[in-house]
Amino acid sequence: MNREYSDYQRKVINRFYENREHHDDQRLSELVTNLYLTDSAKKLEKHWQTAEDIMTRLKVPKTR
């Protein structure tokens, strides 16, 4: 699917990816709270998987 975007749309998309690291940091911080407060095993597993995905994107070493 080859899609053409307007100049404005391209700028918005570029800004999103330029700030992706900041968004990931914020999301990871929120996940720490969710992990602490979660009482369901199913939700806990999902939060851990999401945290792992974000940490991989942020290039956090596996040893941490």
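Any read-out appearing in this document is the output of simple, stated calculations on the displayed coordinates, not a laboratory observation. Not measured: the values here are computed from a predicted model. Virtual Cβ from ideal backbone geometry, glycine too; neighbours counted across all protein chains shown.
Considering only residues that are loosely packed, with under 12 Cβ neighbours inside 10 Å and of a type in the set (Phe, Trp, Tyr), which ones fall in segment 21-64? Of everything in segment 21-64, just one residue is loosely packed, with under 12 Cβ neighbours inside 10 Å and of a type in the set (Phe, Trp, Tyr), namely Tyr36. Tell me whether segment 13-26 contains one or more residues that are within 16 Å of the chain's Cα centre (by Cα), closer than 22 Å to Met55 by Cα and among the aromatic types (Phe, Trp, Tyr). Yes, that holds for at least one residue.
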